[in-house]
């Protein structure tokens, strides 16, 4: 029975990897992603809705977070993450003790690393974009190059636990070369609804 469970888990992860290599998500995953985006907009009070006063822009694409396995130096210390900045160590995710027991467990490790391996970016659902003022990363890069003012939020593609009931998301706010801040969210699906369990700042400039 134990070996049967291991085989089923392996085949499930292999299927997930093949699907991701094509840049695809199943309908259940897409539904979860959209609900998480809406949860962050509402619960974190992002002023991106068209009805908000002084509304800011939301990037239409969710960026991918690369989960890496850290290498260690000769003295046993973890080496710094590889560039670019949207990387996170699997150890950081697994060892996040925001609640007891740990939020993610070792059972989630392989899934956290592989689930978005073939995805470059993911466009937010049209129903959500219809409610917000949105922009594109290309447009904001152009503004930066020509020295034009910019102010926008960028949300990451969620990283899910193997049972798809927990997720990790990052949020970035950019308003100039020395203006901006980042935030991390741990979410859990409780009674069919995604809730922010914990959030904290990750960077500021």
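Evaluate the range 195-205: report whether one residue or more is touching a strand residue (DSSP E or B) at 6+ places or on another chain (Cβ under 6 Å), buried (at least 18 other Cβ atoms within 10 Å of the Cβ) and either within 18 Å of residue 62 (Cα to Cα) or at pLDDT below 95 (or both).
No, the range 195-205 contains no residue that is touching a strand residue (DSSP E or B) at 6+ places or on another chain (Cβ under 6 Å), buried (at least 18 other Cβ atoms within 10 Å of the Cβ) and either within 18 Å of residue 62 (Cα to Cα) or at pLDDT below 95 (or both).
So is residue 88 modelled with pLDDT of 85 or more and either surrounded by 15 or more Cβ atoms within 10 Å (Cβ to Cβ) or touching a strand residue (DSSP E or B) at 6+ places or on another chain (Cβ under 9 Å) (or both) or not? Spell out the reasoning first.
Details: modelled with pLDDT of 85 or more: yes; either surrounded by 15 or more Cβ atoms within 10 Å (Cβ to Cβ) or touching a strand residue (DSSP E or B) at 6+ places or on another chain (Cβ under 9 Å) (or both): yes.
Yes; evaluated as a whole, the condition is true for this residue.
Whether any residue in the range 150-163 is more than 20 Å from residue 33 (Cβ to Cβ) and touching a residue at least 24 places away in the same chain (Cβ under 8 Å) is what I want to check.
Just the residues of the range 150-163 that are more than 20 Å from residue 33 (Cβ to Cβ), to begin with: 150-151.
Now narrow it down to the ones that are touching a residue at least 24 places away in the same chain (Cβ under 8 Å): 150-151.
Yes, the range 150-163 has at least one match.
Can you work out which of the residues in the range 65-85 that are at pLDDT 75 or above and assigned to a loop (DSSP other than H, G, I, E, B) is farthest from residue 181 (Cα to Cα)?
Applying the first criterion (at pLDDT 75 or above) to the range 65-85 yields 65-71.
From the residues that got through so far, the ones that are assigned to a loop (DSSP other than H, G, I, E, B) too are 65, 69-71.
On the way: 65: 17, 69: 25, 70: 25, 71: 28 Å.
Once the filter is applied, the top-ranked residue is 71.
Per-residue answers, yes or no, for (1) at pLDDT below 65; (2) part of a strand (DSSP E or B); (3) under 20 Å from residue 154 (Cα atoms); (4) touching a strand residue (DSSP E or B) at 6+ places or on another chain (Cβ under 9 Å):
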position: 13; (1), (2), (3), (4): yes, no, no, no
position: 16; (1), (2), (3), (4): yes, no, no, no
position: 20; (1), (2), (3), (4): yes, no, no, no
position: 24; (1), (2), (3), (4): no, no, no, no
position: 28; (1), (2), (3), (4): no, no, no, no
position: 35; (1), (2), (3), (4): no, no, yes, yes
position: 41; (1), (2), (3), (4): no, no, yes, yes
position: 53; (1), (2), (3), (4): no, no, yes, no
position: 97; (1), (2), (3), (4): no, no, no, no
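Starting from the range 96-109, keep only residues that are surrounded by fewer than 14 Cβ atoms within 10 Å (Cβ to Cβ), then list their pairs with residues that are part of a helix (DSSP H, G or I) and at pLDDT 70 or above whose Cβ atoms are within a distance under 9 Å, requiring at least 6 positions of separation or different chains.
105/94; 106/94
Counting only residues that are buried (at least 17 other Cβ atoms within 10 Å of the Cβ) and more than 17 Å from residue 122 (Cβ to Cβ), which one in the range 155-179 is farthest from the chain's Cα centre (by Cα)?
Only one residue fits best here, namely 174.
Keeping to the range 154-181, report how many residues are at positive phi and touching a helix residue (DSSP H, G or I) at 6+ places or on another chain (Cβ under 8 Å).
1
Is it true that residue 106 is farther than 22 Å from residue 182 by Cα, modelled with pLDDT under 90 and under 16 Å from the mean Cα position of the chain (by Cα)?
Values: farther than 22 Å from residue 182 by Cα: yes; modelled with pLDDT under 90: yes; under 16 Å from the mean Cα position of the chain (by Cα): no.
Against the criterion (farther than 22 Å from residue 182 by Cα, modelled with pLDDT under 90 and under 16 Å from the mean Cα position of the chain (by Cα)), residue 106 does not qualify.
How many residues does the range 147-192 hold that are within 21 Å of residue 46 (Cα to Cα), in a loop (DSSP other than H, G, I, E, B) and at pLDDT 95 or above?
2
Within the bounds of the range 129-146, is there any residue that is out of contact with any strand residue (DSSP E or B) (no Cβ under 8 Å at 6 or more places or on another chain), modelled with pLDDT of 95 or more, part of a loop (DSSP other than H, G, I, E, B) and within 18 Å of residue 37 (Cβ to Cβ)?
yes
The values are calculated or read from the model by the stated rules, or taken from the named source; none is laboratory data. Source: prediction; values computed, not measured. Counting neighbours? That spans all protein chains shown, and the Cβs are built from the backbone with ideal geometry, glycine included.
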